[in-house]
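The values are calculated or read from the model by the stated rules, or taken from the named source; none is laboratory data. Model, not experiment: these values are computed from the prediction. Reconstructed Cβ throughout: ideal geometry from the backbone, glycine too, with neighbour counts over all protein chains shown. Remember, those area values only see protein heavy atoms, side chains included, never the ligands or the DNA or RNA. Shrake-Rupley method; radii C 1.70, N 1.55, O 1.52, S 1.80 Å.
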Amino acid sequence: MITTRTIPRTIPPRGRVSGGRHTPPSSRHARLCQAAAEDTKTVAELIEEQGIDMSISGLRHLPEETQHRILTGKVNPFEKKKVKKGGDAMWTEVEELAVLLRSGDVKWEDLDLDDVDVRMKWSGLFHRGKRTPGKFMQRLKVSQGVLSSEQLRALGSIIAPYGADGCADITTRANIQLRGIELDKADKSMEALRAVGLSSLMSGMDNIRNITGSPIAGIDPEELIDSRPLCQSLQDHITNYGKGNAELTNLPRKINVGISTSRDDFAHCHINDVGLKAVLHPDTGEVGFNVELGGYFSIKRNTMSIPGDTFIRPDQINDYVRSLMEVFRDLGERNDRQKARLMWLVEAVGVKEFRKLVAQRMGLDDLPGEAHVSYPDVFARRDILGIHRQKQEGKYWVGACIPAGRMFAKDFDDLAAVADKYGDGSVRVTVEQNVVIPNVDEADLDALQKEEIFQRFEIFPGNIMAGLVSCTGSQFCGFALVETKNKAMEITRKLEEQLEIPSLVRMHWTGCPNSCGQAQVGDIGLMGAPAKKDGKGVEGVRIFLGGAIGENPALATEFEKAVPATEEDLLPALRKLLIERFGAVEK
C-alpha cells in the first residue's frame with residue numbers, strides 16, 4: 001500500500017491556527033467544547049495515544065479546542081479519514097503517483113482506497129469507480145466562469161486523447177468538469193492547467209467551491225459593480241492563487257459562495273451558503289453587499305438562504321469570507337455530516353451572534369446590519385441567451401445554448417476560434433450551463449451567427465432547450481438513480497417538435513436527492529427516484545413545480561412521485577404539464 005512514507009513530502013508541516021487568530025468566546029463555543037472538556041487528556045496525549053502523524057493529519061491547522069472535540073467525539077467517517085491524513089496531501093502526491101504508475105513502480109492495486117476515492121477530491125480528481133472504473137472526473141476552479149481562448153484550447157487538448165470517455169460538462173456553478181482522466185496521466189492534465197493559469201485544487205470535498213458571479217460582468221448596463229475582480233481576488237485569496245491553502249481546506253463541509261451584482265441575481269445567492277448581493281446603501285449611496293447565509297440542497301434538507309443582517313464593503317469581501325470560513329472550520333458540526341452545512345451553525349448561534357463571531361475574526365467588534373433597500377417596480381430576471389447590447393458603445397454579447405452543458409474537444413476548439421475571431425478572445429460559462437461571447441462588434445453579428453458551431457449551440461434555442469439544466473446523471477455518477485443529460489436532451493427535442501411553448505420554461509434534471517442539477521430551482525424539476533412499471537422496478541423521477549429565480553426566488557415543491565423515466569411515460573406527463581400549466585399548444 002502506498003503511504004506518505006513511500007512518497008516524498010513536498011508540503012511541510014505548518015502551524016495549527018491561521019494567523020494566530022482564535023475563536024472568540026461565545027455560548028456556542030462553550031457548548032461545543034463542553035464534551036471535550038470533560039475528557040481530561042490533553043490533545044498531545046490523545047494524538048500520541050491514537051498514533052496520529054501530525055505532519056500529514058488534517059488536524060494540524062485547527063485550534064486546540066476543535067482538535068480536542070474531534071479526537072474525543074463520535075465524528076463521522078470522513079472526519080476520521082481527515083484525522084489520519086489530510087486531503088491536501090494529494091496536492092503533490094497525485095502527480096507523484098501518476099509518474100510511479102506510468103513507470104510501473106506502483107500498481108493500481110497498491111493504492112490506498114481512501115486516497116483514491118476520497119482524498120484525491122481535494123485535488124479535484126473524482127474516481128468514477130461505479131460507472132467507469134479507473135477513470136476520473138477532474139473539476140476545475142474557474143472564477144465566475146471566465147475562460148480565455150487559450151484556456152479553452154487547453155481543456156480540449158486534455159480530453160481529446162480519451163476518445164468516447166473524453167468529454168466535459170459546464171456545471172451549475174459556472175465551472176468545468178473534465179471526464180475520462182486516467183490517474184497515470186493526471187500529472188499531465190495538471191501541468192496543462194497550470195500552463196494556462198488554471199487549477200483543480202480545492203475544488204471538491206470540504207472546501208470552498210467555485211465562486212459564482214455575473215456572466216455579463218463588466219458589460220452589463222444594469223450592474224452596480226463588476227464582479228470579475230471581486231471573484232478572482234477572493235478565489236486567489238482563499239486558494240493561494242490556485243496552489244492550495246491548507247489552512248482553509250478542512251471545513252466540516254463544503255461552502256458555496258455567490259456574488260450578485262444586479263437585481264437578476266445571476267449567481268443564485270438564495271441557494272448558496274454565502275450570498276453577497278450588491279445594493280446602493282440608502283444612507284450613504286455607496287455600493288456594498290448585503291449578506292445572505294445558509295442556502296443549500298441535500299438528501300436530508302433543502303433550504304433557501306436567510307438574511308445575514310450584515311452589510312460589507314467591496315474591499316471587505318476577502319477578509320469577511322475568510323473569517324467566516326475560519327469560524328465555520330473551528331465551530332462547525334463534525335459528528336453528523338448531514339448537519340454540517342453552514343446553515344446549521346448559523347441557526348445554532350443566531351444570525352447576530354454569527355455576525356459578531358465573523359467580525360471579531362476580522363479584528364472588529366461588529367459589522368453593520370443589513371442595508372434595507374426597496375424598489376418601486378417589479379424586476380423580471382433577464383435571459384442572457386441571444387444577442388444583447390452591452391454598455392460599451394457598438395458592442396454586443398452573444399449568449400449561446402450548450403444543451404445540458406455537455407462539450408467535447410472539438411467544441412472547445414471551435415468556441416475558442418469564434419471568441420478570437422469575433423470577440424475579445426474570452427467566453428463566460430454560466431450557472432445555466434450555457435456560454436456568453438462578449439465584446440462582439442455590431443458589424444460582425446451576421447457573420448458570427450453563420451458559424452457552424454452555432455448550428456449545434458443555438459443562439460436562439462427553443463423555449464425548453466434554452467432553460468434546460470442537467471446534472472451528470474448515471475452515465476458517469478454513481479449516486480444518480482437515473483440517466484439525465486442524454487435523456488433530457490432527447491425528451492426536450494421531442495417536446496419542442498410537438499408543442500408550441502410561448503415563453504421560457506426552465507426544466508432542471510437531477511439524478512438523485514443531492515440535487516446537483518438543482519431540481520428545486522426549475523419551473524419544472526425532475527429528480528431521479530425509484531419507480532415501478534408493470535410491477536417491476538424501473539428508473540423513475542419525482543416531478544417538482546414552481547421554482548423561481550431572480551429578485552423573488554422560491555423553491556419548487558413536489559408535484560408527483562415515482563413517474564417511470566421511460567419515454568412512453570415521461571414524455572406524455574411533461575406534455576400535459578406544459579399544456580395545462582405553461583400555455584403550450586399542439587403544433
More than 47 Å apart - percent of Cα-Cα pairs taken over the chain = 12
Enumerate the calculated ³J(HN,Hα) couplings along the range 316-323 in order (Karplus 6.51 cos²θ - 1.76 cosθ + 1.60, θ = phi - 60°), each rounded to whole Hz, writing x wherever the residue is Gly or Pro.
-> 9, 4, 4, 5, 4, 5, 4, 5
DSSP bridge pairs, the range 127-270: antiparallel proportion in percent, nearest 5 = 80
What does the accessible area per residue of the chain come to in Å², with a 1.4 Å probe and no ligands, DNA or RNA counted?
-> 39
Averaging sequence separations of C-alpha pairs under 8 Å and six or more residues apart, then dividing by the length of the chain, give the relative contact order as a whole percent.
-> 12
For G540, other-chain or 5+-apart residues with amide H closer than 5 Å (H placed, Pro excluded) are A529, A531, A565
Rounded to 5, percent antiparallel among DSSP beta bridges of the chain = 80
Would you mind calculating the gained length between K532 and E150 on full extension (0.36 nm times residue separation, minus the Cα-Cα distance), in nm to one decimal?
-> 132.7 nm
Within the set K82/K277; K80/K254; K130/K410; K277/K421; K254/K277, which residue pairs have Cα atoms separated by over 25 Å?
-> K82/K277; K130/K410; K277/K421
So for the range 226-369, using the alpha carbon gyration tensor with a ≥ b ≥ c as root eigenvalues (a/c under 1.5 gives rounded; past that, a/b versus b/c decides prolate or oblate), I'd call it rounded
Write out the chymotrypsin sites (Phe, Trp or Tyr not before Pro) in the range 428-515 meeting two conditions: DSSP loop, and at most 13 other Cβ atoms within 10 Å of their Cβ.
-> none
Under 5 Å from the placed amide H of N240, counting only residues 5+ away or on other chains, we find none
For F408 and E45, what is the calculated FRET efficiency with R₀ set at 60 Å and r taken between the beta-carbons, to the nearest 0.05?
-> 0.60
Cα shape, the range 327-461, gyration tensor, a/c 1.5 rule = prolate
Going by a ≥ b ≥ c, the root eigenvalues of the Cα gyration tensor, does the range 402-534 fall in the rounded group (a/c under 1.5), the prolate group (a/b larger than b/c) or the oblate group?
-> prolate
Note the angle between two axes, namely the Cα long axis of helix 567-582 and the longest principal axis of the Cα atoms of the chain, as a number of degrees from 0 to 90, rounded to the nearest 10.
-> 80
Measuring from its Cα centre, the chain shows a charge dipole (+1 at each Lys and Arg Cβ, -1 at each Asp and Glu Cβ) which, in debye to the nearest 20, is 1500
Measure off, as a whole percent, the carbon and sulfur share of the 1.4 Å-probe accessible area of the chain, all protein chains present.
-> 51
Where does helix 90-103 land angle-wise versus the long Cα axis of the chain, in degrees 0 to 90, nearest 10?
-> 80
HN-Hα J couplings of the range 107-122 from phi, Karplus 6.51/-1.76/1.60, θ = phi - 60°, integer Hz, Gly and Pro as x?
-> 10, 3, 5, 7, 6, 6, 5, 5, 5, 5, 8, 10, 5, 5, 5, 5
What percent does the relative contact order of the range 433-494 come to when contacts are Cα pairs within less than 8 Å and at least six residues apart?
-> 23
Find, among the chymotrypsin sites (Phe, Trp or Tyr not before Pro) in the range 305-406, those assigned to loop by DSSP (not H, G, I, E, B) with at most 15 other beta-carbon atoms within 10 angstrom.
-> F379
The range 326-411: which trypsin sites (Lys or Arg not before Pro) are DSSP loop and have at most 13 other beta-carbon atoms within 10 angstrom?
-> K391
Computed over the chain: longest principal axis from alpha-carbon atoms vs helix 149-159 long axis, angle to nearest 10 degrees, is 80
